[in-house]
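Report on the structure given below.
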Amino acid sequence: MHDWIVVGAGFAGAVMAERLARVRGEKVLVVDKRDHIAGNAHDLHSADGILYHQYGPHIFHTNSDAIVTYLSQFTEWRPYEHRVLASVDGMLVPIPINRTTINTLYGLNLDEAGVAAFLASKAETVETIVTSEDVVVAAIGRELYEKFFRGYTRKQWGLDPSELNRSVTARIPTRTNDDDRYFTDSFQAMPAQGYTAMFRRMLDHPNITVMLGTDGLKLPASERPPRMVYTGPIDAYFDHVHGPLPYRSLQFRHETLNQPQYQPVGTVNYPQDQDYTRITEIKHITGQQHPCTMLTYEYPTAEGDPYYPIPRPENEALFKQYEALARAEADTWFVGRLATYRYYNMDQVVGQALATFQRLDAAVPRTSQIAA
Ligand code: FAD
Ligand code: UDP
């Protein structure tokens, strides 16, 4: 018999299962609806042997030494700094916007101070920065907002930036120097053998049983362990009693080309045209050498697997109603991007899971203690 059921084998579920099994010595049943582990970070080899990410590009980056130390028990790393170009006005220019972006787009040769002055001259005064439109126009003005952010955001979210919390576009900084990295975190690297291999090691423990292709909410009560960690959509857990929480989905198109390289960097964004938001060429990210290459196109959709919580006030209010129900659930712990309705990166989910485990461990007597 198992002490716990962990619903979902993504980052949230795998960290919780690993800690429960290793630290508390408890028996854990991990279930996932899908036929694989690693959740949205799942990677696999194509028929041609190219390692690719089934649910879009996943680049690991963090400022937390503790999270790196934790994950390093299960993987070695390949250093990788992500670079992204945006296809704007017929040119490929760095995003986040930097000195090169401004000089290329406007045919200028500004130094850092010049770029800062240029952006300041374009920036609009916004009394209170509330939305994803406010935060961009206050930093770089309306023209650059239109070129880089408005179209991309409308495509990605099916909403205007003015309808989204500032936190969404605030993920993308503006720079006046030449730094063209997408992230500036102190640690940026990819699991050397991929994410799925890392998850396999996390879940490889005699106390852990993994059951795939299984809906954790549909197990008969007699087969359900007494305690649960739930990492799926929070509204599904409560049968959508307060109505469905909105999530944004994507369709991925993976295409293999019979040539070693297609584009100069890992990802090219398309803020002005195309139905897809971006094309990622995964070999830049994994560092794999192969005579063929593989591209992933991302097409945003309203229907499909829930990938993104949609950060806006009415959704947060609805989430709060579900959160109140979750607080009253004595034997279930809610962890992860869908269960806590937060637009979290992988490292943030790992951090959240490790912190939740600490609280759980302090609050719930260990099975061995109960037995004694
Ligand atoms: P998930 O990975 O979604 O795992 C939840 C699992 O629960 C799923 O496998 C699901 O099948 C399962 N499940 C749900 N309900 C049930 C049920 N009833 N029964 C059984 N199983 C169930 N983060 C980064 O740090 N860097 C990136 O570059 C990055 N890129 C991303 C790109 C895309 C396109 C997307 C969508 C996300 C990206 N992320 C990135 C975010 C990253 O995917 C998440 O932070 C992380 O995967 C969340 O882990 P999780 O365990 O909370 O959720
Ligand atoms: N964004 C944009 N243009 C870009 C890149 C990002 O408008 O070229 C906005 C868009 O709203 C996007 C958000 O910034 O959803 C966050 O971008 P990020 O690349 O972090 O998205 P993710 O990788 O999570 O899909």
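The values are calculated or read from the model by the stated rules, or taken from the named source; none is laboratory data. All values derive from a computational prediction rather than experimental measurement. In this analysis, Cβ positions are derived from the backbone assuming ideal geometry, glycine residues included, and neighbour counts consider all displayed protein chains.
Could you check region 40-67 and list, in sequence order, the residues that are buried (at least 16 other Cβ atoms within 10 Å of the Cβ) and in a strand (DSSP E or B)?
Scanning region 40-67 gives ASP43, LEU51, TYR52, HIS53, HIS61, THR62.
Results for (1) in a loop (DSSP other than H, G, I, E, B); (2) touching a Phe, Trp or Tyr at 6+ places or on another chain (Cβ under 6 Å); (3) hydroxyl-bearing (Ser, Thr, Tyr), shown as yes or no for each residue.
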position: SER167; (1), (2), (3): no, no, yes
position: ILE172; (1), (2), (3): yes, no, no
position: ASP178; (1), (2), (3): yes, no, no
position: MET190; (1), (2), (3): no, yes, no
position: ALA197; (1), (2), (3): no, no, no
position: GLY216; (1), (2), (3): yes, no, no
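Just to be sure before I move on: is TYR70 away from ligand 2 (no atom under 15 Å from the Cβ) and in a strand (DSSP E or B) in the structure I sent?
When the stated conditions are applied, TYR70 does not pass them.
Within the set of pairs 6+ apart or on separate chains, which have a first residue in region 337-362 that is farther than 18 Å from PHE183 by Cα and more than 9 Å from ligand 1 (Cβ to nearest atom), a second that is in a helix (DSSP H, G or I) and among the aromatic types (Phe, Trp, Tyr), and C-beta atoms under 6 Å apart?
Note: pairs meeting the criteria are TYR341/PHE319.
Is region 86-104 home to any residue that is part of a helix (DSSP H, G or I), within 10 Å of ligand 2 (Cβ to nearest atom) and touching a residue at least 12 places away in the same chain (Cβ under 8 Å)? Don't jump to the end; show me each part of the working.
From region 86-104, those part of a helix (DSSP H, G or I) are 99-104; that's our starting set.
Okay, now just the ones that are also within 10 Å of ligand 2 (Cβ to nearest atom), so none.
No, there is no match, as no residue in region 86-104 is part of a helix (DSSP H, G or I), within 10 Å of ligand 2 (Cβ to nearest atom) and touching a residue at least 12 places away in the same chain (Cβ under 8 Å).
What pairs can you find where one residue is in region 11-23 and under 24 Å from TYR307 (Cβ atoms) and assigned to a helix (DSSP H, G or I), the other is at pLDDT 95 or above and among the acidic types (Asp, Glu), and their Cβ atoms are less than 9 Å apart, with a gap of 6+ or different chains?
Correct list of pairs: PHE11/ASP347; GLY13/ASP32.
Got at least one residue in region 299-322 being within 16 Å of ligand 1 (Cβ to nearest atom) and over 26 Å from SER167 (Cα atoms)?
Here is the first cut: in region 299-322, the ones within 16 Å of ligand 1 (Cβ to nearest atom) are 299-311, 319, 322.
Those still in the list that are over 26 Å from SER167 (Cα atoms) too: none.
No, there is no match, as no residue in region 299-322 is within 16 Å of ligand 1 (Cβ to nearest atom) and over 26 Å from SER167 (Cα atoms).
Within region 56-71, track down each residue that is within 13 Å of ligand 1 (Cβ to nearest atom) and in contact with a Gly (Cβ under 9 Å, 6 or more places away or on another chain).
PRO57, ILE59, THR62, SER64, ILE67
Restricting attention to region 224-243, and to residues there that are within 10 Å of ligand 1 (Cβ to nearest atom) and not β-branched (Val, Ile, Thr), which single residue is surrounded by the fewest Cβ atoms within 10 Å (Cβ to Cβ)?
Among residues in region 224-243 that are within 10 Å of ligand 1 (Cβ to nearest atom) and not β-branched (Val, Ile, Thr), the one surrounded by the fewest Cβ atoms within 10 Å (Cβ to Cβ) is ALA236.
Identify the residue in region 244-282 that is in contact with a strand residue (DSSP E or B) (Cβ under 6 Å, 6 or more places away or on another chain), of a type in the set (A, V, I, L, M, F, W, C) and touching a residue at least 60 places away in the same chain (Cβ under 8 Å) and, among all such residues, is nearest to ligand 1 (Cβ to nearest atom).
Residue satisfying both the conditions and the ranking: LEU250.
State all residues of region 182-223 that are out of contact with any helix residue (DSSP H, G or I) (no Cβ under 8 Å at 6 or more places or on another chain), near ligand 1 (Cβ under 10 Å from one of its atoms) and either without any contact (Cβ under 8 Å) to a residue 24 or more places away in the chain or within 21 Å of ALA339 (Cβ to Cβ) (or both); if no residue qualifies, say none.
Residues satisfying the conditions are MET211, LEU212, GLY213, THR214, ASP215, GLY216, LYS218, LEU219.
Are any residues in region 335-362 of a type in the set (A, V, I, L, M, F, W, C) and either buried (at least 23 other Cβ atoms within 10 Å of the Cβ) or within 14 Å of ligand 2 (Cβ to nearest atom) (or both), and if so, which ones?
Step one: list which residues in region 335-362 are of a type in the set (A, V, I, L, M, F, W, C), which gives 335, 338-339, 346, 349-350, 353-355, 357, 360, 362.
VAL335, LEU338, ALA339, MET346, VAL349, VAL350, ALA353 - these are the residues of region 335-362 that are of a type in the set (A, V, I, L, M, F, W, C) and either buried (at least 23 other Cβ atoms within 10 Å of the Cβ) or within 14 Å of ligand 2 (Cβ to nearest atom) (or both).
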